[in-house]
1. Share of the chain's accessible area from carbon and sulfur, percent, 1.4 Å?
2. Could you state the principal axis extents of the C-alpha atoms in the chain, from the largest down, to the nearest angstrom?
3. Quote the FRET efficiency, to the nearest 0.05, computed for ILE66 versus ILE192 with a Förster distance R0 of 22 Å and r equal to the Cβ-Cβ distance.
4. Pulled fully out, how much extra length does the chain show between CYS33 and LEU103, if you take 0.36 nm times their separation in residues and subtract their Cα-Cα distance?
5. Give me the distance in nm between label points sitting 7 Å out from Cα along the Cα-to-Cβ direction at ILE210 and VAL152, one decimal.
6. Can you compute the modelled spin-label distance between HIS178 and VAL18, with each label point 7 Å from Cα toward Cβ, in nm?
7. Only Cα pairs under 8 Å and at least 6 apart count here; give the relative contact order of the chain as a rounded whole percent.
8. Highest mean first, how do 125-131, 144-150, 105-111 rank when packing is the count of other Cβ atoms within 10 Å averaged over residues?
Amino acid sequence: MDILETDSRYRKKPLATVRNTVPKLLPFFMTVCNYFVLWIPLSEPSWYNALVKCLPIASLEFFVLIHSIGSGKFTPYAKKIFLGLVFSAAGDISLVWPEYFQLGMVMFGLAHIMYTAAFGFHPLKFRIFIFIALFGAGFYSLTFPYLNGPFVFMVAGYTMLIATMTWRALSRVTLASHKFSWSHVSAAVGSIFFMISDCVLATDKFCFPISKSREIIMSTYYGAQMLIALSVTGWSRDDFMWKSK
């Protein structure tokens, strides 16, 4: 069978996908609105604060599970995205308490590893790698003078992980009509939002305060996670291999 015919079998119609997806995202939108409406001060760390903060991510975990149940399969790609969301929720909880900031970095680092594993390493697209690597190295060189202790190494390691995740997400995007995938675009845009969120967070925490930093960090963060979670509505190379078995 021609590979283009096979691709078309699993490409969903955009309008049908939207109608099927939006209702499943309602819990996410509601919990995000709840977070911004309550706007609990950062100076008041508590389990209630942690719950309010991580509920949107838990809602996206629910979205991935419901979509997988509805489609009749929990694909390898969806499993990795789900685990990435689980680690992200753990990171959100950790960051509520300043003393657990390093643990939060580790949790988000594991989330990026899972997302990278989901996106895969084909095709490589070294031009994108070079661009992202230069950006990551440049950003780290700017923050380095402000770092001390374990953060010198942890920020370097975290920068490499999120840069790798962004590289792999962007590498999957193609404008060729017979290979174009909205799910790939969704993950790629989500990875960019994630990088913006973390760059603002790092600058605000380690270098100098940024006006409205929390609004920028959380809005881009929640947007990033939603777009990455939405990518499970398409299919990846791993999923195609699963279907062919």
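1. Answer for the chain: carbon and sulfur cover 72 percent of the accessible area.
2. 58, 39, 28
3. 0.25
4. Roughly 22.5 nm would be gained on extension.
5. It is 2.5 nm.
6. If labels sit at HIS178 and VAL18, their model points lie 2.8 nm apart.
7. Dividing the mean separation by the residue count of the chain yields 19 percent.
8. Order by mean packing, descending: 105-111, 125-131, 144-150.
The values are calculated or read from the model by the stated rules, or taken from the named source; none is laboratory data. Here the structure is a predicted model, which means the values were calculated and not measured. Backbone-built Cβ (ideal geometry, glycine too); neighbour counts: all protein chains shown. All accessible areas refer to the heavy atoms of the entire protein, side chains included, with ligands and DNA or RNA removed. Shrake-Rupley method; radii C 1.70, N 1.55, O 1.52, S 1.80 Å.
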